[in-house]
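Taking it in order: structure first as structure tokens, then the write-up.
The values are calculated or read from the model by the stated rules, or taken from the named source; none is laboratory data. Here the structure is a predicted model, which means the values were calculated and not measured. Positions of Cβ are generated from backbone atoms using ideal geometry, with glycine treated the same way; all protein chains shown enter the neighbour counts.
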Amino acid sequence: MAKTRSQQPRKQRKFRYNAPLHLAANFLNVHLSKELRLKLKKRSIRVRKGDTVKILKGKFRGLSGKVLGTGRGTINVEGAVIKKLGGKEIPVSLPASKVVATQLVERK
């Protein structure tokens, strides 16, 4: 599957939805904090369950928490939940591009 050169939103959505896993995994890359950037000599890294991230945009801006899980380009962060009228808490899926990693779990 070739990458799309189109700028049309419908074709961009189709590409992201149908992307093979080796390309879809790149949608989970997050920027690193300044301290981690100096330590690892990298600008971004793939986020994993257990990493600590800080939310930069949206309703939960400023919230720091552990990553509970990942989806296709989205992550769930501890504490970023919406309460339903019945009292049930639903985790909010956040785009990986809207967070910055502040602490990483052990990697091989």
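So, in region 50-65, how many residues would count as being surrounded by 15 or more Cβ atoms within 10 Å (Cβ to Cβ), of a type in the set (Lys, Arg) and either within 23 Å of HIS22 (Cβ to Cβ) or over 11 Å from the mean Cα position of the chain (by Cα) (or both)?
Looking only at that region, the number is 0.
With GLY69, GLY62 as the choices, which residue is closer than 18 Å to SER33 by Cα, touching a strand residue (DSSP E or B) at 6+ places or on another chain (Cβ under 9 Å) and of a type outside the set (D, E, K, R)?
When all the criteria are applied, what remains is GLY62.
Of the conditions (1) touching an Asp or Glu at 6+ places or on another chain (Cβ under 8 Å); (2) buried (at least 16 other Cβ atoms within 10 Å of the Cβ); (3) not charged (D, E, K, R), LEU68 fails just one. Which one is it?
(2) is the only condition that LEU68 fails.
Being surrounded by 10 or more Cβ atoms within 10 Å (Cβ to Cβ) and either under 17 Å from THR102 (Cβ atoms) or of a type in the set (D, E, K, R) (or both) is the requirement here; does LEU36 meet it?
Here the answer is yes, as LEU36 does meet what is asked.
Of all residues in region 11-41, how many are at pLDDT 95 or above and part of a loop (DSSP other than H, G, I, E, B)?
Counting residues in region 11-41 that are at pLDDT 95 or above and part of a loop (DSSP other than H, G, I, E, B) gives 2.
What number of residues in region 62-108 are assigned to a loop (DSSP other than H, G, I, E, B) and touching a Lys or Arg at 6+ places or on another chain (Cβ under 9 Å)?
The total comes to 7.
So which pairs qualify, if the first residue must be in region 1-16 and of a type in the set (Ser, Thr, Tyr), the second must be at pLDDT 90 or above, the Cβ gap must be under 9 Å, and the two must be at least 6 apart or on different chains?
Cβ pairs passing all conditions: THR4/LYS11; THR4/GLN12; THR4/LYS14; THR4/PHE15; SER6/GLN12; SER6/PHE15.
Of the numbered conditions (1) within 30 Å of LYS3 (Cα to Cα); (2) exposed (fewer than 13 other Cβ atoms within 10 Å of the Cβ), LYS84 fails exactly one; give the number of that condition.
All conditions are met except number (1).
Which residues, counting only those in region 80-108, are in contact with a Leu (Cβ under 9 Å, 6 or more places away or on another chain) and more than 15 Å from LYS57 (Cα to Cα)?
Residues satisfying the conditions are PRO91, THR102, GLN103, LEU104.
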